[in-house]
1. Return only the number of the condition from (1) crowded, with 22+ Cβ neighbours inside 10 Å; (2) assigned to a helix (DSSP H, G or I); (3) touching a Lys or Arg at 6+ places or on another chain (Cβ under 9 Å) that B:Leu88 does not satisfy.
2. Got a sec? Which of B:Ser76, B:Ser52 is among the polar types (S, T, N, Q), farther than 18 Å from A:Ala95 by Cβ and either within 19 Å of the chain's Cα centre (by Cα) or not in a loop (DSSP other than H, G, I, E, B) (or both)?
3. For B:Arg108, which of the numbered conditions (1) part of a strand (DSSP E or B); (2) touching a Cys at 6+ places or on another chain (Cβ under 9 Å) fails to hold?
4. Counting only residues that are within 10 Å of another protein chain (Cβ to nearest Cβ) and open to solvent by 10 Å² or more (accessible area, probe 1.4 Å), which one in segment B:100-119 is nearest to B:Ser194 (Cα to Cα)?
5. Which residue out of A:Arg146, A:Arg168 is modelled with pLDDT of 95 or more, more than 20 Å from A:Phe221 (Cα to Cα) and in contact with a strand residue (DSSP E or B) (Cβ under 9 Å, 6 or more places away or on another chain)?
6. Can you confirm whether segment A:47-58 contains a residue that is surrounded by 18 or more Cβ atoms within 10 Å (Cβ to Cβ), under 17 Å from B:Trp106 (Cβ atoms) and more than 9 Å from chain B (Cβ to nearest Cβ)?
7. Can you tell me how many residues in segment A:30-41 are in a helix (DSSP H, G or I) and open to solvent by 30 Å² or more (accessible area, probe 1.4 Å)?
8. Only one of A:Ala133, A:Ala154, A:Ala138 is more than 20 Å from A:Leu53 (Cα to Cα) and among the small types (Gly, Ala, Ser). Can you tell me which?
Amino acid sequence: MTPSSDLARTLSLFADRLFETGGRDPGDAALAIAPSRLAVYHELLHKNYGSMLRFAFTQALRLADAELAAARGADGLPADADELIRRFLSVEPAATHSTREIADRFRHYLESHAAALFGRRPELASLLTLERAELRAAYHTDDPGRSPDDAELAALATSDVATFLAVRVLRAPSASLLCLDHAATALHHRLRHGEVPPVGAHAHAERAVVARDPRTLAPTFATWDEAAFRVLETAPEGTPIVLEELAVQWIAALPEADRARDEEWQLATFATTVASSLQSGALRLA
Amino acid sequence: MVSERGPNFGLPALGVSVGLRKPHIARVLAERPALSFFEFCPENVMDRGGRSRRDLLAVAAHYPMVSHGVGLGIGSVDALDRAYLGSLRTLLRETGALWASDHLCWNRADGRSSNDLLPLPFTEEAVHHTAARIREVQEFLGVPFLVENISTYTVLPGAEMSEGEFTRAVLEEADCGLLLDVNNVYVNWRNNGSDPHAFLREIPAGRVGQMHMAGHDDRGEVCVDTHGSPVRDEVWALFREALAHTGPTSVIIEWDSNIPSLDRLLDEAAAARAIYDEVTSHVAVERTGAAR
């Protein structure tokens with residue numbers, strides 16, 4: 001099919017009218033469609049993209065709605081997130097049906113065309129990152145390895161150090177390790193429960209882990225201090241590693257002050273992080 | 001009525017069932033309702049792991065499955081999405097799907113994906129283009145392939161034939177089956193004035209391998225195919241007429257928005273089954289008589 005064929009031209013013009021590419025409908029002169037019927041196609045398109053984006057970025061778009069309402073059109077911002085989505089479609093709609101691709105393109109659109117929104121709500125960026133990781137935890141292909149059952153977890157918790165350090169683990173590819181500029185995990189939780197916290201309420205940075213619960217397969221959220229987070233950062237994604245080797249690498253990666261701390265603290269931090277991560281699905285048995 | 005492959009496009013006539021929807025899966029797995037098959041939407045699982053995949057494969061372990069896609073956009077002019085097709089073929093194999101279907105429509109132009117089912121112009125050029133792509137897809141997937149007549153809200157300028165003639169031409173040139181959506185036939189009658197009885201006469205009945213029944217939103221000037229309400233009486237009437245043309249087939253009740261309880265959905269399927277049994281038993285008697 002050549003791009004200059006009648007069919008190609010017709011579909012391209014229909015798409016121009018549907019997406020209002022470049023922010024403008026080329027009108028009946030391009031391709032005649034009754035206004036009431038074109039409106040149905042617009043409605044279906046917006047509903048379709050809107051439902052996918054509100055599924056992917058449920059709390060981020062809730063926050064955006066609240067902020068856009070407060071902005072009342074300042075800085076050229078639209079009145080609500082639905083209008084934001086309409087503008088997005090006229091600039092860079094997705095090329096496939098993939099929710100993940102649509103989410104990534106929308107994020108890119110926000111950063112390049114709605115930067116004022118981040119200026120008013122800086123924590124929105126961290127929230128978008130957190131919810132994109134949530135989508136990854138829900139949809140990423142099945143992880144290699146397996147998760148321990150309750151009996152295995154209990155046995156690990158009571159095992160001697162040598163037995164524990166001989167266990168082979170891997171970091172689940174469905175899990176995300178996030179260094180966020182804002183405390184998006186708590187913000188996400190509050191938005192889910194109907195609160196819209198004031199600007200600046202979650203201004204501190206956090207290290208978050210979003211993983212797939214091995215039992216329910218639902219996304220789980222956790223925040224970690226720097227030393228514990230570094231255990232997961234050190235574990236290679238999808239590649240088995242013996243815990244003893246992971247521990248050595250982790251200690252080498254710690255800041256000088258933590259490297260100098262006693263062995264009891266190091267072992268407790270390491271073991272607690274590993275056990276908790278095996279439970280949350282961020283780590284799996286190889 | 002009978003194609004070279006035999007009636008019903010050579011596919012098993014599985015009777016009446018429902019589309020598999022997420023809110024119902026736990027009960028389906030726990031109670032295993034007496035249904036002859038399930039239809040699933042592959043885009044909800046393709047390239048994914050996690051819960052949606054686990055649940056679908058668990059259902060597929062107990063029921064015959066058929067796949068009904070919404071993302072192929074077979075009539076689009078943009079290149080066929082090979083990654084999409086590869087993922088679909090993998091999922092068809094994993095679920096043991098008896099056949100696959102998608103829509104006789106386009107969804108993508110110049111790299112823009114509508115994620116919706118858009119109308120093709122009823123032209124010779126569109127027939128040849130779409131049929132060639134269907135042949136390629138059918139060969140690649142390795143299972144029988146059906147296309148579904150879509151609901152439309154406009155007929156694009158430059159039509160050289162009716163929707164029925166267009167559909168027939170594509171089916172025959174592509175040598176594929178038809179998933180006859182009876183609700184869409186009704187919706188297009190209301191929206192575009194296309195004669196539903198003529199449409200049913202124009203399509204090759206022997207190529208119908210499956211049917212869809214669904215509800216729509218009647219807004220007066222336009223009917224929108226929402227799959228969010230019970231099947232309307234006018235559509236039940238067309239269902240009888242369609243079954244009289246085709247004989248036994250496989251029928252799915254689609255309900256995608258305002259999804260009701262599984263019990264309510266099964267009630268709708270029971271209503272369809274009562275009509276299906278009544279009409280197809282007459283068709284069988286007529287065929288037996290004709291054979292004598």
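The values are calculated or read from the model by the stated rules, or taken from the named source; none is laboratory data. Keep in mind that what you see is a predicted model, and the values were worked out from it rather than measured. Backbone-built Cβ (ideal geometry, glycine too); neighbour counts: all protein chains shown. What goes into the accessible areas is simple: the full protein's heavy atoms, side chains included, and nothing from ligands, DNA or RNA. Shrake-Rupley method; radii C 1.70, N 1.55, O 1.52, S 1.80 Å.
1. Single failed check for B:Leu88: (3).
2. Numbers: B:Ser76 fails: farther than 18 Å from A:Ala95 by Cβ.
Residue meeting the stated conditions: B:Ser52.
3. For B:Arg108, the exception is condition (2).
4. Step one: list which residues in segment B:100-119 are within 10 Å of another protein chain (Cβ to nearest Cβ), which gives B:106-119.
Restricting the remaining residues to those that are open to solvent by 10 Å² or more (accessible area, probe 1.4 Å) gives B:108, B:110-112, B:115-117.
Values: B:Arg108: 26, B:Asp110: 30, B:Gly111: 32, B:Arg112: 29, B:Asn115: 25, B:Asp116: 22, B:Leu117: 18 Å.
Step by step, filter segment B:100-119, then rank; the result is B:Leu117.
5. Values: A:Arg146 fails: more than 20 Å from A:Phe221 (Cα to Cα).
Going through A:Arg146, A:Arg168 in turn, the sole match is A:Arg168.
6. No; the residues of segment A:47-58 include none that is surrounded by 18 or more Cβ atoms within 10 Å (Cβ to Cβ), under 17 Å from B:Trp106 (Cβ atoms) and more than 9 Å from chain B (Cβ to nearest Cβ).
7. Within segment A:30-41, the first condition is being in a helix (DSSP H, G or I), and the residues that meet it are A:35-41.
Still in the list and also open to solvent by 30 Å² or more (accessible area, probe 1.4 Å): A:35-36, A:39.
So the answer is 3.
8. Details: A:Ala133 fails: more than 20 Å from A:Leu53 (Cα to Cα); A:Ala138 fails: more than 20 Å from A:Leu53 (Cα to Cα).
On inspection, the qualifying residue turns out to be A:Ala154.
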